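Just below is one structure, and these are the notes that go with it.
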Amino acid sequence: MQQPVERPTLGTAVGSLIGAVGRLVDLETDYAKAEMAQKASMAGKDVALVAAGGALAYGGLLVLLAAAVNILAAVLPRWLAALLVSAVAAGTGGLLVQRGLERLDEQGLVPERTIATLKAGVNAGLQKAKDQLA
């Protein structure tokens, strides 16, 4: 004679599910923190690139206006020489700033892997609870 299979009660299944979801949320929170720290570190490097581009644009503007204007003033009117030199310096700095900003946009700061893992874990927990109740 077969012994009846003991099925967990609804309260036991719900309690088990709540405990598992709590542990999953704790683990995923730790994972999200680690992922965000990694992304922040990478973003910090790109912010440094933006800052370097801005500093180069400013420094280039000052140095080139002082040196190149004097050289070009021998051939062009002084105002035109200053305009050309400043345009080149500002354009170069602007390109560096633009590149840094594009790289920041490419990274995205949402912890996508953590969100995907959390969704999969919740779905697995729900499926397990359904299987226990069936």
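The values are calculated or read from the model by the stated rules, or taken from the named source; none is laboratory data. What you are looking at is a predicted structure, and each value in this text was computed from that prediction instead of being measured. Because the Cβ atoms are built from the backbone with ideal geometry, glycine has one as well, and the counts that use them run over all protein chains shown.
Regarding residue 49, is this residue of a type outside the set (S, T, N, Q), farther than 30 Å from residue 120 by Cα and outside any helix (DSSP H, G or I)? So that I can check it myself, show each step before the final result.
Values: of a type outside the set (S, T, N, Q): yes; farther than 30 Å from residue 120 by Cα: yes; outside any helix (DSSP H, G or I): no.
When the stated conditions are applied, residue 49 does not pass them.
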I'd like the full set of residues that are of a type in the set (Lys, Arg) and surrounded by fewer than 13 Cβ atoms within 10 Å (Cβ to Cβ), limited to the stretch 78-123. 78, 113, 119
Taking into account only those residues within the stretch 53-77 that are modelled with pLDDT of 90 or more and assigned to a helix (DSSP H, G or I), which is surrounded by the most Cβ atoms within 10 Å (Cβ to Cβ)? 53
